[in-house]
Amino acid sequence: MNKDDIIEIIKKFPYIERGIINGESNLVFYIGNRKQTYNITKPVIAVYDIINEIHARTKNVWMHFMISAIKAGKSDIYTIHHVPWERNAYYSRKQKFIEKVYNCCISQNLVNYEEILEEEIA
């Protein structure tokens, strides 16, 4: 699993959550009239649990709201209009959230050592 896989899980979180709750292993859903398929594996469930745990432990009200909006599948524009931050501050905080999920995945050995080495520094 790499950072792009984690970002994809975050983007498709509402669909993945529905599939996990219903006990499905293969998801079929539509985004923009395009059929999408996604396999729910143990690492995907682990990332799902990490996101929920980060959300539960977030104490800042606005960060909690932002993570709730991301989990609900709300667009960035919607979220930007409902938080007291400017656009770049929102994207900076969203990137920090993604980094936190990624770091938690590293700590749970979901990311290979080679994947970490392949990450670009700049």
**Study point:** Residue tally, condition open to solvent by 30 Å² or more (accessible area, probe 1.4 Å) and under 20 Å from R18 (Cβ atoms), over segment 56-74
**Key:** 6
Revision key, fill the gap. Of those in segment 86-111 that are without any contact (Cβ under 8 Å) to a residue 40 or more places away in the chain and outside any helix (DSSP H, G or I), the residue nearest to E8 (Cα to Cα) is N109
Review point. What are the residue pairs meeting all of these: first residue in segment 1-16, first residue free of Cβ contacts under 8 Å to residues at least 12 places away in the same chain, second residue buried (at least 17 other Cβ atoms within 10 Å of the Cβ) and hydroxyl-bearing (S, T, Y), Cβ atoms under 9 Å, and 6 or more apart or on different chains?
Key: E8/Y38
Study note, to complete from the structure: By residue number, the members of segment 95-121 that are farther than 18 Å from A56 by Cβ and of a type in the set (D, E, K, R) are E99, E114, E115, E118, E119, E120
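The values are calculated or read from the model by the stated rules, or taken from the named source; none is laboratory data. Fair warning: this is a prediction, and the values are worked out from it, not measured in the lab. Cβ: placed from backbone, ideal geometry, glycine included. Neighbour counts: every protein chain shown. Accessible surface areas use protein heavy atoms only, side chains included; no ligands, DNA or RNA. Shrake-Rupley method; radii C 1.70, N 1.55, O 1.52, S 1.80 Å.
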